[in-house]
Each structure stands twice: as C-alpha cells, then as structure tokens.
1. Mind sorting 306, 118 by how few other Cβ atoms lie within 10 Å of their own Cβ, fewest first?
2. Summarise the long-distance tail of P(r) for segment 155-195 by giving the % of C-alpha pairs beyond 15 Å.
3. Any idea what the dipole of segment 313-411 comes to, in debye rounded to 20, about its Cα centre with Lys/Arg Cβ at +1 and Asp/Glu Cβ at -1?
4. Which FRET efficiency value, to the nearest 0.05, do you get for residue 294 and residue 431 by plugging their Cβ-Cβ distance into 1/(1 + (r/R0)^6) with R0 = 35 Å?
5. Which entries of 350/427; 230/335; 286/335; 69/424 have Cα-Cα distances beyond 21 Å here?
6. How large is ³J(HN,Hα) for each residue in segment 308-319, as worked out from phi by the Karplus curve 6.51 cos²θ - 1.76 cosθ + 1.60 (θ = phi - 60°), to whole Hz, x for Gly and Pro?
7. For q values of 0.11, 0.14, 0.21 Å⁻¹, compute log₁₀ I(q)/I(0) with the Debye formula on a Cα-only model of segment 360-453, without solvent.
8. Farthest toward the dipole's positive end in segment 122-233, which of 145, 182, 198, given Cβ charges of +1 (Lys, Arg) and -1 (Asp, Glu) about the Cα centre?
Amino acid sequence: MFHFLLLGFIRLNLIRTMIELRENPAQACCDGLTRRAMLRIGGLAPFGLSLPSLLAAKKTGEYSGTFGKAKRCLLLYMWGGPSHIDLFDMKPDAPSELRGPFNPVRSQTPGIRISELMPKLGGVTDKIGFIRSVTHTDNNHSTGAHWVLTGHKHPESRENFGARPTDYPHVGSILSQFSPATNGLPTFVALPEIIGTTAGFVTPGQNAGFLGRRYDPFVLNRHPDEPDFKVPNMSPVEGLDRARLRKRIKLTEQFDDFRKDLISTLDVSDLNAVNQLAYDLLTSPKIADAFDIADEGETERERYGMQTFGQSVLLARRLLESGVKLVTVYWHRDKPGVDTTWDTHKDNFKGLKDRLVPQVDQPIAHLLNDLEERGMLEDTLVVWNSEFGRTPKVNKNAGRDHWGRCNTIWLAGAGVPGGQMYGKSDKIASEPIEDAVSPSDVTATIYHLLGLDPHSHFHDSLGRPFPLSEGQVLDKFLGA
C-alpha cells in the first residue's frame, strides 16, 4: 500500500509542477520555474526525478510546435499486412513480375501518386504524411504486431501463440496510465474486436500487458454494421438499478480487499479499477450516446460505408468526439477462423481490388474530410499502420508474402504536414534507402504528438520504471 501512496504523491507533484511550468511564466525564475516548483522538484530528487529532466520536458513543449498537438488519436491497424508496393509505394519501372497490374495515378497533391485502387484517398493526400521507409526484422504476424503496436520488439520472433501478462503495453494502455478515464469514459477503446491468428491465438500487444488489467482497452467485440448492433452489457440487468449496482460493486471491492490478505500475489487494485470502469460504463449517458451509432442517420452512415470497417471508423469518430483519448480500429475477420485479413499470400491482386481496398478507400477519405469539417483534424491524430508490408516478388499463388524490411504507413492531422512522402525505398520497394524508420520511431512520434515525452518512463504495479519508447521522434517528418 505504501508504494501506491508514494507513486500517487510523486505523480501529483509532477502534475502540479508541470502546470506551474506552463501556466505561470511571469512568476518564474530564469529557468522558468517558480520558487515553489523548485522546492517541489527538490523533494522528488530521491525518486530519480531531477531539475534537468523536467526542464528538458518543458523545453520540448515550448520549442516543438507539434508536441502535444493531438488531443486524441485514431489508430487504423490493417491486420495481415497490406501490400505497400501495390498501394502507396508503387514501382511502375520495376520488372513486370514484381510490379503487379495496378498503375499509380495522380493525387490531390502534385508529385504524389498512389494506386488507382484508391481514388477517394487520392483526393485527400494533402492531409496525409506518408512514410515509405518503415523497416524491421520480424516477418511474423504475432510478434511483428507486438512490435508495431507497442514500439518494442517482442523477446521472441514466431507465430501462433497468445498474448501474455508479460507483454509490453499498447500505446493506448500507457496513455491510460498518464490520462485516466474520466466522466464515465474509457481512455482507450478497441474496435470492432481484438485480433488473433486463424488458429485462434490472441495477438500480443493489444492490451496493457505487465501494466495491469486496469489499463486494458474497452473492447467492443461486436460489428457495428450488424442490423441489431448494440453494445453488450451496457445496461444493468432488469431489476438492478444504479443504487443497487453501486452497492454490489462496493461489496465486491470489500471482498477483494479481504482476499488480498489471503492471496498476497493478487493485484486487487486492478480488479477494483476494472469494477469501477464497468460501473462507469453502465451508468454514463455520455458513453451510451457515443455508442448509439444509429443517431448518425442513414446518409452519414453510408458515407462511411455500410460495412464493418467503415462503421467502426464512424463509431471511433463518435467516441473520440465524446472524449475518449485513443481508439484502435483493427481490421476484422468476417468469420472466426476464416482469413479475410490483408494477409494476401494467395490472389493478392484480386483480393485488393475486389474485397479489401473498396472497404477502406471511401471510409478513410470521408473520415479525414469529416474531421476537418468538424474542426477536429487539427488536434486529432490518425495513423494507418500494419505489422509489415509484402514481398516485391509474387509467389506461385499470385500472392505476396510477409515483408518486414519495407513498409509504408501514414499519419494525418494533429500538426502532421500533409502532402508529403517521407523516406524512400529502392527500385523494387524492398529496402529503405533514405530515412529508414523503425516501429519504435513511429511510436515515439505518436507519444510526442500526444504530449508524452517518449524518452520518459512509466511504472508498472511494482513501481519499476520502463521507457515509453526506444525510438526517436521523426522531427524532419513533422517539419522541425
């Protein structure tokens, strides 16, 4: 109990100090600190927190125009690994056996050409910053996804095993620790479902891992395009009003406190936090309204596309608008155990043209326009990402295989300069040859835009420090 109180004291003093750093410059000393803040920092020194480290954080916020620009974030995770060479990094001069049948076409932005399959997205490239030089060494869905979703390489490199409590936390889970849920709204939501392998193993990197269950995302596990869509368990059972529900949760917490004396290894604080979040979700009109996707009207829903991905993106926009900080929309499976992801080992070109790209082109283009019209794009970060790209070589089944060594992702909004192609790959989109970017660099940049210093640390339930990121912020990409 003492270490929890101690961590709370440290966090409270840090928050107070950083508020003084930002809000009281007129009363500050030459370093921008008030006398009270100086004394407070001195009191934190035994815990490894020093004046230089806080000053560095202050200067980051002052001198980088993009630091903390994002009030909210939408991660579009294309599970399976889309073919970058057929979408965003096309090589029309490559040998015919490599380049595929699709042509690059002009977009809204002079000098930027993307696939003919994406005409709608081509109309909003002025809002998008593409990165064509993302690279890593893991060609496995499971551990590759962990690397991309957390920014940290998994200790293993293999397929078909499940998420573990020892995994590194998802970016959204770390954000939840720094920015806890308020007003009945979760900080972090995953739509429409968690992802896993065809064999049924839940992919690592989607939840809070060793940070503890209290920082797991709220997971929908329903497809919002279904005619009878509603969020499961969002209403108390019949006959159980809010007062009785509160009493039951209080009784559960007391029982868990009693169990804590019996089972010393149980982190009861996590259970209590989960219970509280469940209660907030059940009793919050704001979150119920946000999930009421039918309130959008048929016309607006159709603009997002009446399929699972498009309706998930629309729901994500509603959640972000209501106050949720980070939503991950994962590419889904149409049926459990059936591979309808971007993992196009077979019939890559047919799959892209007939099934996959039509489900993303219009929804994403409309999302960016919609955010802009609502005045949200300037402080909402949108990220398109995946565990890897695809091989330049086409296999015997007209498919492309896993390829971590080169991929294209993109970011939009929250101060990211649009209309740019950052980085460069070789003549066949096989290797980066300019401005190589690691998954850690990507997450460092996301943290930076969300107002978290990527070189700072977070703490697990035992108070042990861990780095947010091992990467570098992409300053040149951000226009610095």
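1. 306, 118
2. Roughly 58 percent, rounded to a whole number.
3. The dipole of segment 313-411 has a size of about 580 debye.
4. Working: r = 48 Å, r/R0 = 1.36.
Efficiency computed from Cβ-Cβ geometry: 0.15.
5. On the way: 350/427 24 Å; 230/335 19 Å; 286/335 31 Å; 69/424 26 Å.
Exceeds cut-off: 350/427; 286/335; 69/424.
6. 4, 5, x, 5, 5, 5, 4, 4, 4, 4, 5, 5
7. At q = 0.11, 0.14, 0.21 Å⁻¹ the computed log10 ratios are -0.42, -0.66, -1.14.
8. The residue sitting most towards the positive pole is 182.
Computed from the coordinates by the stated procedures, all read-outs in this text should not be read as laboratory data. Keep in mind the model is a prediction, meaning the values are calculated, not measured. Using ideal geometry, Cβ is built from the backbone for each residue, glycine included, and neighbour counts are taken over all protein chains shown.
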